[in-house]
Every structure is written in C-alpha cells, then in structure tokens.
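First up is the structure itself, then whatever we jot down about it.
What follows draws every value from the coordinates through simple rules; no lab data is involved. Here the structure is a predicted model, which means the values were calculated and not measured. Counting neighbours? That spans all protein chains shown, and the Cβs are built from the backbone with ideal geometry, glycine included.
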Amino acid sequence: MTKRYYSIIDVGSNTVRLVIYMSDNGGRLREIENVKVVARLRNYLMDGGRLSDEGMDVLLNTLKSFKEVADVYTLEEKVCVATATIRQAENQEQIIHSVSEQTGFDMRILSESEEAYYGYLAVVNSTPITEGVTVDIGGGSTEITYFKDRKIVESHSFPFGALTLKRDFIEKDLPSDKEMSELRHYLTSQFKSLPWLTNKDVPLIGIGGGARNLVQIDQNLKEYPLAGLHQYKMKDSDLAFIKNYLFTLPMKKLQKVEGLSKDRADIILPATEVFHTLYDVIRADGFILSRKGLRDGIFYEQLTKDMGTSVFPSVLEESIQELITDYDLNIKQIHHIQHLAHQLFHRLQEKGIGGLRKEDWMEVKRASYVFNLGEYIDSEASYQHTFYLLANRTIDGLMHKERLRLALMASFKNKTVYKQFMNPYKDWFLKEERKKLRLLGALLKFCYSLDSTRRRTITDLNVGVQKEEVKITCYCDHEWMPEEYQAEKQKKHLEKAIKKGVELSFVKNGQWG
C-alpha cells in the first residue's frame, strides 16, 4: 500500500493548528498528527488594524515549531491558510512575506466566503444532513451558511468571534447577568439582520472548538455511553442547561469542567450564547456537532477536483466502503447474502410476518455489509468485537442512534447476547423497536448461515406460510449439507423472533416443484 502524506496549517484568531493526513491507495484520508497552539493572535491586532511585532513573533515561532513536525514526513502537499485576524490585518503582505521567508510556508488568506464555503463542504461530505445551517465561531469572526439539498444557498461572515465578543461585552473573567443579556440582544439583532436565517426549522450544525467543547461537556454530564463526538445531537434544553450550569461556576471551577479545554474557559460562555441565540433565531430542530470543519473542507475540495463536483454522491456509501476495506470483507459474499436476505425479507413482508416495513430493508442491507466484521480481530469473540467496533467508531453519514442500530443488527448472535448489548441503551428504544431490531439481526444471521462455506451454493429462496409454520425452500447449485447443518442450527433465532416454526427444505436447481 502506497502511503502519501499531506499537511495543512490553519492560522486562526484563537488557535494555530497543524494537521497531517495520510492517504492510502483508496484515496481516503486519515488524520495522523494534530498539533495545536493557543496563540490568540486576535489579541495582537492593534487598534490601527496592524498585527503587532509581538504577534508576528508568536506566529513565526509557532510555524517554525510546526515545520519541525512536518519535516518528519515526505509531504505530497503543504497547505497553509489564515482566517479572520490575518485577513483583517493591514500588514498582511508583510506577514505573508515573513512567513514564506522564515518557514517556507506559502500562506493563503481565505476570504470570508471561502471560509464559510469550506465549513459547509466539510458538513455535507461527512454527515447525512441534506438541509441545515452551519455555524463556525472563530476567535475573530463567525461564519454561517444555509444549505438545501446538499447545495449551498447562502453564506455570511460576521465580524465577531469568541475573543472579540469577550473583549467587547465582558469586562472581567466571567460575565454578569447584565452583560449576558446585552450580548444576547446584540447577537439576536445581528442574526435577524439576515432574512434567510429566521424560522428555518432545520438542524443547526456547529463547527470548531467551541461546539466541540459544548458537546464534550454534555456527554460528560450525561455519562453518555457511546464514543465519538461527530454527528452528536443536542436539544434546545441541553444548550440552555449547559449555559446556565457554566454561568454559575467561578473561573477556577470552570477551568476544571470535564470536557472543557482550560484555554477556552474564558470564552466558552460567549461561544455558547452564539449557539443558543442562533438556535432560537432559526428555530432549529436540533444542534448537531460536525468534527469536520474548514481544514477537512479544503481537502475534500482537493480530493474531488477531478470529479466535477466537490460533494460526494453518498457519504454513507463512502463510509461503508471504508469499513469493507479496513476489515477485509468479502464483497462477493456480501452481495450474495443481500440477494438471499432480500428474497426472505420480502416474502415475510408479503405474508405480513414480523411487521416488516419497506425502510427496514434498507437497514438490513446496510448491516449485511458489516455483519460480524469483528471476526477480523478474533473469531471466538467476533460478535463482541463487532458490536464494540461499530457502536464506537465514527461512521460518517450515520447519527449516533443509527450507528447503534447498525451495531445491534450486525453483531446479532442470539437473544441473550442481543439483550446484553442492548441493555445500556434500553431507554433509547421503544419495546417494539427493540423487538424489530432483534428480528432483523436474526434474519441476517440466518441468511449468512445459508452461505456458511462461501460457495454461493444456495441461489434462491421460496417462502410459504402454513398456519403456525414458515416453510423455506432453498434452491441449490451444489451439495448443500454444510449449509443445511448451519441453517438448521441457526433457524431457532428466527423462529423466536417471528414466533413461528421454520421448516427448511433443500432442492437441487432444475428439480423445482
């Protein structure tokens, strides 16, 4: 496998960050280095609009240290971008020249519209959301976009960020009631100045460190059982609770809040107020975190430059393909299982068994790609590995609950193990949902038993129903004894799920009827 390395440096108003990605033959990018310095360059932008000499030293020293890290790798491409503070600095030409001369990095200053666009691009290429409002709060600006049908419709950059709001509205370390009220009033008027933002009734997608910290705090307070931040969803009441909770804490305690970076303790309240106010203005139906942001958007543009579009056709299909590659799954077998599962599912659906719906098939098909993938790690404990890997791995295109549903179906072994996996999340599902997931898992496991030797022996299925029994006829191309043995062994899980007996018969193709 040929590995190629790429680096990107993001010179923000609050933080400067270096990320190094590795790309394999499939073109997928993996983040392998992520180095951050809280430079707070915004504080070095003087009243005349010039970045001070001290600020210049902070920037250059940071970039020199990043260069040492980057030089460890043979890089295909080096990207260095800067946002609001450098964009607004009147001596930006001098900054660009000094950076190039002393570090070798060619700094590109992003326009307001470019910064907003890359945030949007990261969201539509890494989440299942087709319509929403994105918000990215930096230190010196806030970028907002509205997209519909995965296409950007509007964008705007506000000339305030977490650092400038803190400076302009909050006199001491922590805000007073009056200061928070004035801040909220100001933000409301700013957001309502854009007619396309009001009453949208769509998800609000948060990008960047402030949004990430907010989600980490929420997960810690709730003792959230799943791993991962990306595509995590919060409600209006969650935002309000966290804002009120943080507001009651003195600075020393605020700096120790689980999930909150110490260097963001003094700016988390202004950032939270931006999210909460914007949530109200657009009448959002949820706040969702995207861990992918500006840097990822820039690389998505690079990856898709030969495609004619910067938006992936299907986020989830890309993720499934990544799992297939990572766990060396047999795509020919998967397609054969899908064929058998499709026949069994639709025959049961036609007969009114199990309350199966059209949308249930899409879940079965999705789970069929990754069924029992934990075998890659250890065949003896394959179902445990399958559940853990799928439940706790970020899968772009699947929200957390959908990811859990996938894990429960793909790891189905028997009723006891299913209930063990389900138990910590029991309150997430209605009783009928839990029964349905168990049925879909049992159906999938049964279909895999029909190809236990991976020879695609059984080519077709026919299903008949007689009173309390389901009769499944399997049409075979080859000798079927191993498949018959496994199917007889596994059918009990399907029988328990549909509350009917299952009678199996095997017929050689050409001897139908």
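Check cross-link reach from Lys64 to the lysines: straight Cα distance under 16 Å, and skip same-chain residues fewer than eight apart.
Within reach: Lys36, Lys78.
Report the convex hull volume per residue for the stretch 297-363, counting only C-alpha atoms, in Å³. Show your work: numbers first, answer last.
Working: hull volume 9.0 nm³, N = 67.
Cα-based convex hull of the stretch 297-363, divided per residue, equals 134 Å³.
Please work out the Cα center distance from the stretch 160-231 to the stretch 389-464, rounded to the nearest Å.
Comparing the Cα centres of the stretch 160-231 and the stretch 389-464, I get a distance of 38 Å.
Given 0.36 nm per residue, what is the gain on full extension from Ser176 to Asp427 after removing their alpha carbon distance, in nm? Each step should come with its number before you reach the end.
Numbers: separation 251, 0.36 × 251 = 90.36 nm, distance 3.83 nm.
Difference between extended and current length: 86.5 nm.
Under a point spin-label approximation (7 Å from Cα along Cα-to-Cβ), what is the Asn220-Gln343 distance to one decimal in nm?
5.5
Starting from the Cα-Cα distance between Trp196 and Tyr245, subtract it from 0.36 nm times their residue separation and give me the gain in nm to one decimal.
Going from the current span to full extension adds 14.5 nm.
Grab every C-alpha pair in the stretch 314-422, bin the distances at 10 angstrom width from 0 up to the longest one, and report whole percents.
Spelled out bin by bin, the stretch 314-422 gives 14, 46, 35, 6 percent.
With viscosity set to 0.890 mPa s at 25 °C, what whole-number translational diffusion coefficient in µm²/s follows for the stretch 317-508 from Stokes-Einstein and a Kirkwood radius over Cα pairs?
Working: Rh = 16.8 Å.
Taking Rh from Cα pairs, D becomes 146 µm²/s.
Can you tell me what share of the DSSP beta bridges in the chain is antiparallel? A percent to the nearest 5 is fine. Can you show the working numbers first?
Numbers: 40 of 66 bridges.
The antiparallel proportion sits near 60 percent.
Could you tell me which residue out of Leu163, Ile9, Phe241 lies farthest along the dipole of the chain toward its positive end? Charges go on the beta carbon: Lys and Arg +1, Asp and Glu -1, centred on the Cα centre.
Positive-end residue among those listed: Phe241.
Name the residue from Gln420, Ile395, Val281 whose Cα lies farthest towards the positive end of the charge dipole of the chain, charges +1 on Cβ of Lys and Arg and -1 on Cβ of Asp and Glu.
Farthest along the dipole direction, towards plus: Gln420.
I'd like to know how the stretch 231-360 sits against the 2.2 N^0.38 Å rule of thumb: what's its Cα Rg over that expected value? The partial results should precede the final answer.
On the way: Rg = 22.9 Å, N = 130, 2.2 N^0.38 = 14.0 Å.
Taking the Cα Rg and dividing by 2.2 N^0.38 Å, one obtains 1.64.
Nothing charged except the Cβ atoms of Lys and Arg (+1) and of Asp and Glu (-1): what's the magnitude of the dipole of the stretch 317-508 about its Cα centre? Round to the nearest 20 debye.
Values: 33 positive and 28 negative charges, 185 e Å.
It comes to approximately 880 debye.
Test of understanding: what is the full-extension gain from Lys235 to Glu101, defined as 0.36 nm times their sequence separation minus their Cα-Cα distance? Could you put the intermediate results ahead of the total?
Values: separation 134, 0.36 × 134 = 48.24 nm, distance 4.83 nm.
Between Lys235 and Glu101, full extension yields an extra 43.4 nm.
Counting C-alpha atoms alone, how compact is the chain: give Rg to one decimal and Dmax as a whole number, in angstrom.
Over the chain's Cα set, Rg and Dmax evaluate to 26.9, 90 Å.
Taking the Cβ-Cβ separation of Glu380 and Glu359 as r and a Förster radius of 41 Å, what is the calculated FRET efficiency to the nearest 0.05?
Working: r = 35 Å, r/R0 = 0.84.
Efficiency, from the Cβ-Cβ distance: 0.75.
What span do the alpha-carbon atoms of the stretch 113-296 cover on each of the three principal axes, reported in whole Å from largest to smallest?
44, 39, 28
Compute the relative contact order of the stretch 4-110 as a whole-number percentage, counting only Cα pairs closer than 8 Å that sit 6 or more residues apart in sequence.
On the way: 188 pairs, mean separation 31.7, N = 107.
The value is 30 percent.
Any idea what the relative contact order of the stretch 317-508 is, in percent, if you count C-alpha pairs under 8 Å spaced at least 6 apart? Mind showing how you got there, number by number?
Values: 263 pairs, mean separation 38.2, N = 192.
It rounds to 20 percent for the stretch 317-508.
Return the Rg/Rh value of the stretch 4-110, two decimal places, where both radii are evaluated on C-alpha atoms and Rh is the Kirkwood radius. Provide the component values of the computation, followed by the final result.
Working: Rg = 14.2 Å, Rh = 14.1 Å.
Taking Rg over the Kirkwood Rh, I get 1.00.
Please identify which residues in the stretch 138-175 have an amide N closer than 13 Å to a label point set 7 Å out from the Cα of Ser113, following the Cα→Cβ vector.
Taking a point 7 Å out along Cα→Cβ of Ser113, the residues of the stretch 138-175 whose backbone N falls under 13 Å are 153-157.
Which one of Thr142, Leu294, Met180 is farthest out on the positive end of the charge dipole of the chain, using unit charges on Cβ (Lys, Arg +1; Asp, Glu -1) and the Cα centre as origin?
Met180
Residues in the stretch 469-496 near a label at Asn509, defined as backbone nitrogen under 18 Å from the 7 Å Cα→Cβ point?
Under 18 Å, as judged by backbone N against the label point of Asn509, lie 473-484 of the stretch 469-496.
Across 10 Å bins from 0, what is the distribution of all Cα-Cα pair distances for the stretch 416-513, in whole percents?
15, 41, 28, 13, 3, 0
Below 8 Å, C-alpha to C-alpha, sequence gap of six or more: please give me the relative contact order for the chain in percent.
Contact order relative to length: 11 percent.
Would you mind giving the three semi-axes, in whole Å and largest first, of the ellipsoid equivalent to the stretch 417-464 according to its Cα gyration tensor?
Details: eigenvalues 175, 35, 6 Å².
The three semi-axes for the stretch 417-464 are 30, 13, 6 Å.
Evaluate Rg over Rh across the stretch 460-510, taking Cα atoms for both radii and Kirkwood's formula for Rh.
Working: Rg = 11.3 Å, Rh = 11.5 Å.
Result: Rg/Rh = 0.99.
Given the pairs Lys351/Lys415; Lys200/Lys222; Lys222/Lys253, which span a C-alpha to C-alpha distance of over 21 angstrom in this model?
On the way: Lys351/Lys415 24 Å; Lys200/Lys222 29 Å; Lys222/Lys253 19 Å.
Correct reply: Lys351/Lys415; Lys200/Lys222.
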